[in-house]
Amino acid sequence: MISLLYHDVIDDVLAETSGFSGADANHYKLSPETFASHLTAGPANASHVLFTFDDGGVSALSPCADLLEQCGVRGLFFVPSDYIGQPTFCTAAQLRALHQRGHQIGSHSASHPVPISDLSDQGLAEEWARSRQVLQDAIGADVRDASVPGGFTSARVEGAAADAGYARLFTSQPTQSVRTLRGMQIHGRFSITRSTPVDLVAQVLAGRQLPWLRQAALWEAKKIVKSVGGAAWLRFRKQYFHRTSAR
């Protein structure tokens, strides 16, 4: 399985109108033209390719779903349930529309805590269970997929998701290997940002392993920094993207 991790698809000038705001969030927002080029860069409608979207921004319905459907593709949209209906995020009616059009809806936790791995066992259980119930009520169907917010996965985070009844959990780890925990599959994803070249996406869709290896090396390095830096790492990251966006 080739699982690609996207967030919002929105023009730069409108970046603050979908999903989370700020330069760090905007780093993951692609223009519709760029996303359309990704869909034609390889076998996008192949059964082993999965387009996933985190955060539940309003761009999910349009243009994300529209562009996917033009290529005969359906996506998997992960939604932090506490944000449903808030400005820049999908409403329950929009999520139902996505579901009715054949797209999948999954949990991105309830409150999108970062780092989620710092929560207590009870906090983790509440995040996964509340989100699943709210999303099921919103779309009128079972919700069996989830993704970890912020890339902060851990054995406790994954175990709590399994206990909440999810069948698949998606992380930000760049790997095609699939692990199983108490009957729940754990999938990695290849992360896409606004600066990801289309030829790199084409290589991933073509099954090349080098992009995965390079991103995995960076991910492992960042994992160490995250574990050591904690909140300081998050502050540095936010400041870094703010400075680079101001240039």
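Remarks
- Ala206 surrounded by fewer than 15 Cβ atoms within 10 Å (Cβ to Cβ) and modelled with pLDDT under 75: no
- Yes/no for Ala155 being closer than 30 Å to Thr34 by Cα and open to solvent by 20 Å² or more (accessible area, probe 1.4 Å): no
- Selection within the stretch 55-73 - in contact with a strand residue (DSSP E or B) (Cβ under 7 Å, 6 or more places away or on another chain) and open to solvent by 40 Å² or more (accessible area, probe 1.4 Å): Val58
- As a summary of the residue check, Ala36 satisfies the conditions (1) aliphatic (A, V, I, L, M); (2) more than 24 Å from Leu169 (Cα to Cα); (3) touching a residue at least 40 places away in the same chain (Cβ under 8 Å) except for the one numbered (3).
- Selection of first residues in the stretch 1-25 that are farther than 18 Å from His112 by Cβ and open to solvent by less than 40 Å² (accessible area, probe 1.4 Å) and of second residues that are of a type in the set (Val, Ile, Thr) and in a loop (DSSP other than H, G, I, E, B), restricted to Cβ pairs under 8 Å at least 6 apart or on distinct chains, gives the following pairs, ordered by first then second residue: Leu4/Ile192.
- Any hit, the stretch 109-119, residues being surrounded by fewer than 17 Cβ atoms within 10 Å (Cβ to Cβ) and touching a helix residue (DSSP H, G or I) at 6+ places or on another chain (Cβ under 6 Å): yes
- Yes/no for Val148 being modelled with pLDDT of 95 or more, more than 12 Å from the chain's Cα centre (by Cα) and surrounded by 21 or more Cβ atoms within 10 Å (Cβ to Cβ): no
- Applying a threshold of 6 Å to beta carbon distances and a minimum spacing of six or more residues, or different chains, the list of pairs starting in the stretch 214-226 at a residue that is free of Cβ contacts under 8 Å to residues at least 24 places away in the same chain and ending at one that is surrounded by 15 or more Cβ atoms within 10 Å (Cβ to Cβ) and part of a helix (DSSP H, G or I) reads Val225/Trp233.
- Scanning the stretch 47-73 for residues that are assigned to a loop (DSSP other than H, G, I, E, B) and either free of Cβ contacts under 8 Å to residues at least 12 places away in the same chain or touching a Gly at 6+ places or on another chain (Cβ under 8 Å) (or both) yields Ser47, Asp55, Gly56.
- Residues that are in a helix (DSSP H, G or I), closer than 20 Å to Arg168 by Cα and open to solvent by 20 Å² or more (accessible area, probe 1.4 Å) within the stretch 76-108 comprise just one, His99.
- Evaluation of Ala36 against the conditions (1) part of a helix (DSSP H, G or I); (2) hydrophobic (A, V, I, L, M, F, W, C); (3) farther than 21 Å from Pro87 by Cα; (4) open to solvent by less than 10 Å² (accessible area, probe 1.4 Å) shows that the sole unmet condition is (4).
The values are calculated or read from the model by the stated rules, or taken from the named source; none is laboratory data. Since the structure is predicted, the reported quantities are computational estimates derived from the model, not experimental observations. Don't worry about glycine lacking a Cβ; one is built from the backbone with ideal geometry, like all the others, and counts go over all protein chains shown. Areas reflect the complete protein model, heavy atoms only, side chains present, ligands, DNA and RNA absent. Shrake-Rupley method; radii C 1.70, N 1.55, O 1.52, S 1.80 Å.
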